[in-house]
Amino acid sequence: MKVLLHEMSWPEAKEYFSENDIAILPVGSNEQHGPANPLGTDHLIAKSIAEETAKRTRVLCLPVIPFGVSPQHRQFWGTIFVSPRAFKEYVREICLSLGYYGVRKVVVVNGHGGNLPVLSELARELRESGMFTSIFQWWPAAVKLLPDIFTAEERRHAGAEETSVNLALHPQLVNMTKAFDEMPRTHALQIEGLTLPLSTVDETNSGVYGKQSTASAKKGTRVFESVVNELVRHVNRLKEAKIEGLMQKPKV
Ligand SMILES: [Zn+2]
């Protein structure tokens, strides 16, 4: 049985949607990850995790949405960004389109942290209208599942962890001779407890936060396997769950 929507014919899609009320939607961004990594890092990783999970759970997976909320990287060439409002409405309409075919449960596999605030808002709004959306992010999962294989400096944007997953999934797109280790600058105005509207270019020259040069495909494979296993557990549970039990509870 096929699980990738874009590979199905419409009768095959009809068969799936007639029997299932769940789908997986990968989303990411197209943004700089330092000179060594491809711009597609966040959407390529989300796509791979989502598609592997789909194959193991027999749950339908949509094509990845490659553009997200990443204006903070725009000074680095090739970063294509959309507004939070545009991203939110685009994802909403894709979910509503799935709803037209009877989908009531959507697992969003998000590859870019900057998308999370709007995805969280959207998930709450969709729940009010009868659709349950969960959002999975691989890197907070990896910190919990494999706490010891990377240091905090290796787990930052474009660091060794993310680069390792790239090396495991698409090594031909990574050029480790261009790897950078860069500790971000602290802004002169920074004090404890302060949030500033900074961009990546305010803090780094290369676009890399922390340590990247220690990346390896072997570590990346461990991360990929662990996070896919974890997501498979969730998708299998959600597949079995009745939508009625997932909706807002009445007033107490
Ligand atoms: Zn990234």
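Structure notes:
- Working value for the range 161-236: equivalent-ellipsoid semi-axes of 30, 19, 9 Å, each the square root of 5 times a Cα gyration tensor eigenvalue, largest first.
- Two-site FRET efficiency, residue 134 against residue 199, from Cβ-Cβ distance with R₀ of 25 Å, rounded to 0.05: 0.25
- Pairs exceeding a 21 Å alpha-carbon distance, out of 2/88; 2/242; 47/219; 14/88; 47/88; 88/239: 2/88; 2/242; 14/88; 88/239.
- Measuring nothing but protein heavy atoms, the accessible surface of the chain at 1.4 Å probe radius is 56 percent carbon and sulfur.
- Summed over all non-identical Cα pairs, the Kirkwood treatment of the chain gives a radius of 19.1 Å.
- Reachable aspartates and glutamates from residue 211, criterion Cα separation under 19 angstrom, eight or more residues apart if same chain: 31, 42, 148, 153, 154, 161, 162, 181, 182, 202, 203
- Dipole of the range 124-168, positive direction: furthest Cα of 168, 152, 139, with charges on the beta-carbon: 139
- For the range 108-252, a crude dipole built from +1 on the beta carbon of Lys and Arg and -1 on the beta carbon of Asp and Glu, taken about the Cα centre, is about 540 debye to the nearest 20.
- Three-way shape call for the range 109-252 based on the alpha-carbon gyration tensor, with the a/c threshold at 1.5: oblate
- A Cβ-based charge dipole, computed about the Cα centre of the chain with Lys and Arg at +1 and Asp and Glu at -1, lands at about 560 debye.
- Largest to smallest in accessible area, the residues 183, 131, 247 fall in the order 183, 247, 131 (1.4 Å probe, all protein chains included).
- A full extension of the chain between residue 100 and residue 187 corresponds to an added length of 26.5 nm, given 0.36 nm per residue minus the alpha carbon distance.
- Separation of the residue 233 and residue 12 label points, Cα + 7 Å toward Cβ, nm: 3.2 nm
- The local environment of residue 51, defined by Cβ-Cβ distances under 13 Å, has a net charge of +3 under the rule Lys, Arg +1 and Asp, Glu -1.
- Too-long pairs where the Cα-Cα distance tops 23 Å, listed order kept, from 144/249; 105/144; 55/249; 55/105; 144/178; 178/218: 144/249; 105/144; 55/249; 144/178
- Put a dot 7 Å past the Cα of residue 89, heading toward its Cβ, do the same for residue 216, and the two dots end up 4.9 nm apart.
- Inter-site label distance for residue 127 and residue 248 at 7 Å from Cα along Cβ, in nm: 1.0 nm
- When only alpha carbons are used to place a centre, the range 64-106 and the range 123-166 end up 17 Å from one another.
- Å² of accessible area per residue within the range 126-252, as computed with a 1.4 Å probe and no ligands counted: 58 Å²
- When DSSP beta bridges are restricted to pairs lying wholly in the chain, around 15% turn out antiparallel.
The values are calculated or read from the model by the stated rules, or taken from the named source; none is laboratory data. These figures come from a predicted structure and were not determined experimentally. Using ideal geometry, Cβ is built from the backbone for each residue, glycine included, and neighbour counts are taken over all protein chains shown. The accessibility values were calculated without ligands, DNA or RNA, using every heavy atom of the protein model including side chains. Shrake-Rupley method; radii C 1.70, N 1.55, O 1.52, S 1.80 Å.
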